[in-house]
Amino acid sequence: MGRGLVCGIGALALSIAYYAAATGVPASLLSDAVGADGLPKVLAVALGLLGILAAVRAVLARSIPAGDAPEGGGVAAHARALGMVALGAAYAVLTPTLGYVVGTIAFLFFVATYSGQRPSLRLAAISAAGGLVLWLVFVKLLGVAMPLGMLAPLLG
Amino acid sequence: MNDLYTAWTALTSGWAIPAALGGVVWGIFGGALPGISPSIAMALLLPFTYGLDPVTAIVLLASVYVGAEYGGSIPAILIRTPGTNSAAATVLDGFEMNRQGRAGEALGISLVSGLVGGLFGLVVLVLFTEPLARVALAFTPPAYFALGMLGLSVIASLSAGSLVMGLIAAVVGLMIATVGTDPVSGVPRFTFGSPDLLGGIRPILVMVGLFAVSELMVQVSEPAWARTSTRDTRLKLPNWATWKRMFRPHAIGAVIGTVEGVTPGAGGTIAAFMSYNEARRWSNHPEEFGHGSVEGVAAPEAANNVVTATALVPLLSLGIPGSNSAAVLLGGFLIHGLSPGPMLFERNADVVYGLYGGLLVANIAMLLIGLVILSPCIWLVNRPKPYLLAFIFALIVSGVYSIDQSFFDLGLVLAAGALGYVMRWLGMPFLPMVLGVVLGNLVESNYRRSLVLADGDHAIFVQDPVALGLLAAAVLMLVVSLYRETRALARAREENAAQ
């Protein structure tokens, strides 16, 4: 299936889902003539029409310029890219427990390893130094309340 | 002459000059960190201004604003992460220049364009505050709606040769902007019961995800041999030939930045995008845009730095803070018992002229500090790729969390990153989506407010002269863009057929 067709079908599916969600927007006594669901419904219809247009164009084999994502790697490359998002998600889930300092040090270590750096003592030391620098910048300099996690008794 | 003497006395009698230098350093630092907006960087210093004299305090805050708006372009060029909303337009050609090994050149262009823009904005602020204040007052809800439509009209030419894809991206951006509390009735929309979504989705989260996270995903998925490194490791200031090429985009940025700056609520983001679009339209080399164009960096950088000065016009003359940063500056005025407005120029001329002088020092300091720090910044992004990716990602997650201390925001950024990756695979341009997210609320809320004011009569949009003019300009821009787009496609088909 061509990229144009994927885009068209995706846009159409999104427009249907968004329209369905727009019909669930509650009415309000304070509402105006357009209403809170007015623009969303127009946008859903517009997206649906554009999706159909993109799909039809793709079927008629009109070329759509390719993007700059890796071409050759295929599924493996996409899976590897998604792994980066998974690392970010793991950071979001674990940092409240680990705390900002420990979570960030571990994050630096694992992202660098995932990106091709061989695990070593040097990498661990650079990750630890990096985590501490970021902690100094965000917590001490900018005063951001980062999660303390398991270090709460020490830092709290 | 007397005014110059007042400015000089105000600047030199206290700590205003060191405050301007320190403010610019802090601003560049804050602006370069994703998630720390200019207004946050300013707000962090607000408590420290209590003990300062009024001129020093106001100069300090205004200098942070100048530094932060410039600082946002550094990560935009070096790591594809716009530090501020208004730096998003710089990503396109700035990062492309970096990819071509021209990071030093891109940073040099952004630095001098920022300086040119900042100084031009300062001249406008000093000479034309009073007449321009009337422009700000002429903006009613229909005019704001028309301004938003004018901003959206550039989508056709930002669609990088695929109008349908660009329009799909723009509509999805507008859809993202509808998430949160309805601007008129206050009912929740598309929040699915999550309190985190009631305030809507901040444009910076979408931008960081689309540009930066998707870039990390692409980088990590590339085989090692495909990775390129920046060859240009030193800051490179523009030569005379480059200066000549930058004249037109600077002029475009100056005009658009002035108009957008004096309009409360418009801000540097719209100015940057519109300047980028107009610079391409008037360029002798439009084909270079998106592929590392000098003008593609110069125009948005000049425009958003003009805005740092001209955004102060409605604040100083009318007491209207047109942006978050201006609101923080207003806080600085109020802390010291000063009330911005027409009487400020009569009662506290020393503060006003001291501010003008401080902004001049801040712009010069921006150049000097840029000359010192930019080469080390380029060196930093030339470290081994795995370390670089890890530190960029850690900086992004830390910066995003620091906006609202929310891991939910981080989830949104990751989702936007995955969306950006898919969009890149599909060949779908980012900028129309960014414009949709930035302008969606402005367009919808003012459209509906206008209709409430006019009892549902759409004639209000043509009865208001400012709205009519802006809408006519939007239609004209759209028609010209569509014509050029169609002509380019037809030419490409003819060339293909000839081959």
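Some observations on this one:
- Tally of residues being over 30 Å from the mean Cα position of the chain (by Cα), in a helix (DSSP H, G or I) and not β-branched (Val, Ile, Thr) across region B:447-492: 7
- Within region B:370-403, the only residue that satisfies the criterion of being free of Cβ contacts under 8 Å to residues at least 40 places away in the same chain and within 23 Å of the chain's Cα centre (by Cα) is B:VAL397.
- The set of residues in region B:415-425 that are buried (at least 24 other Cβ atoms within 10 Å of the Cβ) and within 8 Å of chain A (Cβ to nearest Cβ) comprises B:GLY417, B:TYR421.
- Exactly one residue among A:VAL102, A:VAL85, A:VAL111, A:VAL93 is farther than 24 Å from B:GLY31 by Cα, within 26 Å of the chain's Cα centre (by Cα), assigned to a helix (DSSP H, G or I) and in contact (Cβ under 8 Å) with a residue 40 or more places away in the chain, and that residue is A:VAL102.
- Unique residue being more than 9 Å from chain B (Cβ to nearest Cβ), in contact with a Phe, Trp or Tyr (Cβ under 7 Å, 6 or more places away or on another chain) and modelled with pLDDT of 90 or more when the list is A:VAL101, A:VAL111: A:VAL101
- Residue list for region B:47-103, filter: of a type outside the set (Asp, Glu), surrounded by fewer than 24 Cβ atoms within 10 Å (Cβ to Cβ) and not in a helix (DSSP H, G or I): B:LEU52, B:GLN100, B:GLY101, B:ARG102
Yes or no, residue by residue, for (1) charged (D, E, K, R); (2) touching a helix residue (DSSP H, G or I) at 6+ places or on another chain (Cβ under 7 Å); (3) modelled with pLDDT of 80 or more:
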| site | (1), (2), (3) |
| --- | --- |
| B:LEU4 | no, no, no |
| B:GLY14 | no, yes, no |
| B:LEU33 | no, yes, no |
| B:ASP53 | yes, no, yes |
| B:LEU60 | no, yes, yes |
| B:TYR65 | no, yes, yes |
| B:LEU78 | no, yes, yes |
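- Taking region B:297-413 as the region of interest, the helices (runs of 4 or more DSSP H) fully inside it that hold 3 or more residues being among the small types (Gly, Ala, Ser) and farther than 30 Å from B:ASN98 by Cβ are B:324-335, B:349-380.
- The residues in region A:1-53 that are more than 9 Å from every other protein chain (Cβ to nearest Cβ) and in contact with an Asp or Glu (Cβ under 8 Å, 6 or more places away or on another chain) can be counted, and the count is 1.
Every residue, every condition in (1) surrounded by fewer than 24 Cβ atoms within 10 Å (Cβ to Cβ); (2) within 27 Å of B:ALA459 (Cα to Cα), yes or no:
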position	(1), (2)
B:SER110	no, no
B:SER113	no, no
B:GLY117	no, no
B:LEU125	no, no
B:LEU137	yes, yes
B:THR140	yes, yes
B:ALA143	yes, yes
B:ALA146	no, yes
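- Qualifying positions in region B:198-217 - surrounded by fewer than 24 Cβ atoms within 10 Å (Cβ to Cβ) and under 10 Å from B:GLY420 (Cα atoms): B:GLU215
- Sole residue being within 14 Å of chain A (Cβ to nearest Cβ) and at pLDDT 85 or above, chosen from B:GLY354, B:GLY370, B:GLY399, B:GLY358: B:GLY399
- Restricting region A:114-144 to residues that are touching a Ser or Thr at 6+ places or on another chain (Cβ under 9 Å) and without any contact (Cβ under 8 Å) to a residue 24 or more places away in the chain, the residue that is farthest from the other protein chains (Cβ to nearest Cβ): A:PRO119
- Unmet criterion (only one of (1) touching a residue at least 60 places away in the same chain (Cβ under 8 Å); (2) in contact with a helix residue (DSSP H, G or I) (Cβ under 8 Å, 6 or more places away or on another chain); (3) farther than 24 Å from B:PHE139 by Cα; (4) not charged (D, E, K, R)) for B:LEU471: (3)
For every residue, the table says whether it meets (1) touching a Pro at 6+ places or on another chain (Cβ under 7 Å); (2) at the interface with chain A (Cβ under 10 Å from one of its Cβ atoms).
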position: B:LEU158; (1), (2): yes, no
position: B:ALA177; (1), (2): no, yes
position: B:VAL187; (1), (2): yes, yes
position: B:GLY199; (1), (2): no, no
position: B:ARG202; (1), (2): no, no
position: B:LEU210; (1), (2): no, no
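- If you go through region B:450-499 and pick out every residue that is within 14 Å of another protein chain (Cβ to nearest Cβ) and within 20 Å of A:VAL34 (Cα to Cα), you end up with 11.
The values are calculated or read from the model by the stated rules, or taken from the named source; none is laboratory data. Source: prediction; values computed, not measured. Note: ideal-geometry Cβ built from the backbone for every residue, glycine included; neighbour counts use all protein chains shown.
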